[in-house]
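The values are calculated or read from the model by the stated rules, or taken from the named source; none is laboratory data. On a predicted model such as this, the values are computed, not experimentally measured, just so you know. Counting neighbours? That spans all protein chains shown, and the Cβs are built from the backbone with ideal geometry, glycine included.
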Amino acid sequence: MKKAVWFLLFSALMVLSAGCTSNGGMNEKEPKMLNVDLSVTPEKGKLNSPITFEAKVTYGEEKVKDANEVSFEIWRSKDKQHEKIKIHHEKDGIYRLDKSFSKEGTYYIVSHVTARGMHNMPKKEFVIGTPSDRENSSNSMSGMDNMKMDMGGKDNSHKK
């Protein structure tokens, strides 16, 4: 009888230890995040002079050259009309747009980047000439700055 108990106990320990090593062992890699470093150069521009917008896209250490979607959404503060421009890969994970503006004021840009099953939407503010009134949080996307989400789940952030 003692041998049977020891055998069952030993068998149970073997099953438990095998389950622990195959499920959460030390060889598991940490999940990678889609990172978008959005830059505006210069942040204070002049009328009809080009502004350079860059989105440096990485997934972990990898430079993303094949994103599913990259677009820049640009608008002047408090304007209802937003311009959305599709951007293509330039080099080394960099997606770039040069654009001039004919109207002074405070502007916003949001880069919409989808890659590796994730979406990232960093937002920046910039000024052309004399600044205009800034948007308040209810009119802008400030609650969604640097939003990252897994495309497998549902995004309800746009619903009110």
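For region 68-94, enumerate the residues that are more than 17 Å from PHE126 (Cβ to Cβ) and touching a residue at least 40 places away in the same chain (Cβ under 8 Å).
ASN68, GLU69, VAL70, SER71, ILE94
Output the residues belonging to region 40-55 that are touching a residue at least 24 places away in the same chain (Cβ under 8 Å) and over 20 Å from ARG134 (Cβ atoms).
Matches in region 40-55: ASN48, SER49, PRO50, THR52, GLU54, ALA55.
Any residue at all in region 56-65 that is in contact (Cβ under 8 Å) with a residue 40 or more places away in the chain and surrounded by fewer than 16 Cβ atoms within 10 Å (Cβ to Cβ)?
Kept after step one, since they are in contact (Cβ under 8 Å) with a residue 40 or more places away in the chain, are these residues of region 56-65: 57, 59, 64.
After this cut, where a residue has to be surrounded by fewer than 16 Cβ atoms within 10 Å (Cβ to Cβ) as well, the list is none.
No, there is no match, as no residue in region 56-65 is in contact (Cβ under 8 Å) with a residue 40 or more places away in the chain and surrounded by fewer than 16 Cβ atoms within 10 Å (Cβ to Cβ).
Quick check on my filter: what residues within region 25-58 are polar (S, T, N, Q), modelled with pLDDT of 95 or more and farther than 17 Å from LEU97 by Cα?
Step one: filter region 25-58 for residues polar (S, T, N, Q), giving 27, 35, 39, 41, 48-49, 52, 58.
Those still in the list that are modelled with pLDDT of 95 or more too: 35, 39, 41, 48-49, 52, 58.
Residues satisfying the conditions are ASN35, THR58.
Please state which one of LYS84, LYS103 is part of a strand (DSSP E or B), within 30 Å of ILE128 (Cβ to Cβ), modelled with pLDDT of 95 or more and charged (D, E, K, R).
Numbers: LYS103 fails: part of a strand (DSSP E or B).
On inspection, the qualifying residue turns out to be LYS84.
Just the residues that are within 23 Å of the chain's Cα centre (by Cα) and either loosely packed, with under 13 Cβ neighbours inside 10 Å or over 15 Å from PHE126 (Cα atoms) (or both), please, taken from region 95-106.
Within region 95-106, TYR95, ARG96, ASP98 qualify.
Kindly indicate which of ARG134, ARG96, ARG116 is under 15 Å from VAL40 (Cα atoms) and among the charged types (D, E, K, R). Walk me through how you get there before you give the answer.
Values: ARG134 fails: under 15 Å from VAL40 (Cα atoms); ARG116 fails: under 15 Å from VAL40 (Cα atoms).
Testing whether each residue is under 15 Å from VAL40 (Cα atoms) and among the charged types (D, E, K, R) leaves just ARG96.
Taking region 104-120, which residues are in contact (Cβ under 8 Å) with a residue 40 or more places away in the chain and not β-branched (Val, Ile, Thr)? Outline the logic, then answer.
Taking region 104-120 first, the residues in contact (Cβ under 8 Å) with a residue 40 or more places away in the chain are 104, 109, 111-116, 118-120.
Across region 104-120, the qualifying residues are GLU104, SER111, HIS112, ALA115, ARG116, MET118, HIS119, ASN120.
Condition first: among the basic types (Lys, Arg) and over 23 Å from PRO31 (Cβ atoms). Now tell me which residues in region 64-99 satisfy that. Give the steps one after another, and end with the answer.
If we filter region 64-99 for residues that are among the basic types (Lys, Arg), which is where we start, we get 65, 76, 78, 80, 84, 86, 91, 96, 99.
Hits for region 64-99 are ARG76, LYS78, LYS80, LYS84, LYS86, LYS91, ARG96, LYS99.
On the given criteria, is GLU61 at pLDDT below 95, within 17 Å of the chain's Cα centre (by Cα) and either of a type outside the set (Val, Ile, Thr) or closer than 29 Å to LYS29 by Cβ (or both)?
Details: at pLDDT below 95: yes; within 17 Å of the chain's Cα centre (by Cα): yes; either of a type outside the set (Val, Ile, Thr) or closer than 29 Å to LYS29 by Cβ (or both): yes.
Considered against the rule, which asks whether it is at pLDDT below 95, within 17 Å of the chain's Cα centre (by Cα) and either of a type outside the set (Val, Ile, Thr) or closer than 29 Å to LYS29 by Cβ (or both), GLU61 comes out as yes.
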